[in-house]
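Below is one structure; the comments refer to it alone.
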Amino acid sequence: MAPAMKRLLSLLLLASCVATAASAQAAEPAAPADCITLSSDQQVVRNRADRDVLLRNGDQHYLVRFERSCTSAAMSPKLTFATPGQDGQLCGAGVTKLQTSSQSCAVAAVEPLSAEEFARKARMRR
């Protein structure tokens, strides 16, 4: 076989491998971005909150940041985290929305906190 033909076959084989790897990667379902499973034992600290809220979820503690200002989070009598197709999950990257009485606020990030950090930040908001 001529060297040019071998080179062409090698390039075709390489292109085929790259295309196969890319299609396999695209077929994998995307893992939820920084998701947590919500428990029924929750506490949301929202005083003076328009950019984030504090969440105690069972014995875990988080800072839940919003993509934009969410002024109704501090005042609304009802707060619900809604994640389409993933009931009981709280995810960042705009996947989850905090539903208030008058606003829907996209969650940008869910950041873990220690119990001490949570308590300190909660005291600062009172």
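Numbers below:
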| item | result |
| --- | --- |
| From phi via Karplus (6.51, -1.76, 1.60), per-residue ³J(HN,Hα) for region 90-96 in Hz, x at Gly/Pro | 10, 10, x, 6, x, 6, 8 |
| Relative packing of 51-59, 118-126, which averages over residues the other C-beta atoms within 10 Å, highest first | 51-59, 118-126 |
| Spin-label pair residue 67/residue 103, simplified geometry with 7 Å Cα→Cβ offset, distance in nm | 1.5 |
| Residue 49 long-range amide H proximity, modeled H, under 5 Å | 74 |
| Percentage of interatomic Cα-Cα distances in region 37-124 larger than 16 Å | 48 |
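Values in this text are rule-based calculations from the coordinates and carry no lab data. Bear in mind the structure is a predicted one, so any value in this text is a computation, not a measurement. Here Cβ is always computed from backbone atoms with ideal geometry, including for glycine, and neighbour counts include all displayed protein chains.
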